[in-house]
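One structure below.
The values are calculated or read from the model by the stated rules, or taken from the named source; none is laboratory data. Note that this is a predicted model, so its numbers are computed, not measured. Cβ sites come from the backbone with ideal geometry, for glycine too, and all protein chains shown count toward neighbours. Accessible surface areas use protein heavy atoms only, side chains included; no ligands, DNA or RNA. Shrake-Rupley method; radii C 1.70, N 1.55, O 1.52, S 1.80 Å.
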Amino acid sequence: MIKILCLHIAKKQASYRYRVEQFLGYWNEYDIELHPVTIVGKKYGSKIRLALQSRYYDFVWLQRKTLSPFIINIITSRTRLIYDFDDALYTKQTGHGGKLKDKHPGSRQTIKRINHILKKSSLIFAGSKALATYAEIYNPGNVHLLPTSLQKPDTGVPGNAIQNRVTIGWIGNIGNLPYLDLIDEAAAQVQKKFPGVSFSVMSGKPPENLKTRWNFVPWSAATEHAWLQSIDIGIMPLADDEWSKGKCAFKLLQYMSHQKPVIASAVGANTSTVQHGENGFLATTASEWYRAFETLINSRSLRQRMGKKSLHIFETRFERSIIQEKIASIVRSCICSSPGCNGKS
């Protein structure tokens, strides 16, 4: 039995739910015992004690958090370190203004810490190709591309049952609402031309100061599935910057797992998740977004065909069991190749 201590971020965050929590009930199937501990909010002394306890484990899996070099050195002197990250912590977030605090992505302290963690890790799990490319600079040979996965939902019959009505949906946290600004011009034109089209957003609050009228649905775990079922097209606009390039395409996976066609900005992981013209469209300009909207709105059969392709891509590349098996295989290989862990997956 391989024993892993997982030091993870707050349970309320989506990154924890999908990169840690959803795996917890299945590790025994892979002969792995994983002990999850929330590291966020713990006092420094408690972090030190956890680091000292790492000698009782085959691995410490650090999820996203950038701990101090001193704590990292304690861990790596006693066991193997896995670092798992799904955001470009080495650059500032899209739209961040003002002075960066030490804990912010892109700050001098965060960059120093993440670079040290990458150098000291036996394994690195990167959520996107951009993150993997960055990590390879500091630890070539031990970086593995592991996109955020999702348990296949019980979707039943897909699609909106109301004839001649099309709902275009976006789901995300409050911090990502500004991305809707990027498609506002195209979406507003769609609303003018197609009175049967509505735009729905599921988030912590409604978007503000947009021309497009968005129907706001407060996010909750209990209603997320029903909302994803209710939409006809899922969208993921992104800015073309370093932060966005590091993002996982998780929003797209949520839509695709519910058999929806997608439209996404041609940025980062979106470009390898969307097969342009097959399960949706990649768009860069406002006119490209408008044409993608128009094409899908005008053809129910195309939406259904692309939705089926979306589900196929999800099932064969991003379903929870596929990614968890890959993680287990990487971990076992690292144990067998001790003291060093080499080889890309």
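Give all pairs with beta carbons closer than 9 Å in which a residue from region 218-231 that is surrounded by 15 or more Cβ atoms within 10 Å (Cβ to Cβ) meets a residue that is part of a helix (DSSP H, G or I) and modelled with pLDDT of 95 or more; count only pairs at least 6 apart in sequence or on separate chains.
Sorted first by the residue in region 218-231, then by its partner, the pairs are W219/W227; E224/Q254; L228/Q254; L228/Y255; L228/S257; I231/Y255.
One residue is enough: does region 50-64 have a residue meeting the conditions of a type in the set (K, R) and outside any loop (DSSP other than H, G, I, E, B)?
Yes, the conditions are met somewhere in region 50-64.
Between residues in region 33-45 that are under 18 Å from I327 (Cβ atoms) and open to solvent by 80 Å² or more (accessible area, probe 1.4 Å) and residues that are of a type in the set (K, R) and modelled with pLDDT of 95 or more, which pairs lie under 7 Å by C-beta distance while being six or more apart or on different chains?
What qualifies is E33/K3.
Is it true that some residue in region 76-99 is touching a residue at least 24 places away in the same chain (Cβ under 8 Å) and in a helix (DSSP H, G or I)?
Yes, that holds for at least one residue.
Sort out which residues of region 281-310 are open to solvent by 40 Å² or more (accessible area, probe 1.4 Å) and assigned to a loop (DSSP other than H, G, I, E, B), and write them in order of number.
T284, T285, N298
In region 22-32, what residues are surrounded by 14 or more Cβ atoms within 10 Å (Cβ to Cβ) and under 25 Å from K251 (Cβ atoms)?
Q22, F23, Y26
Restricted to region 46-75, and to residues that are among the basic types (K, R) and in contact (Cβ under 8 Å) with a residue 24 or more places away in the chain, which residue is surrounded by the most Cβ atoms within 10 Å (Cβ to Cβ)?
Looking at the filtered set, the residue picked out is R64.
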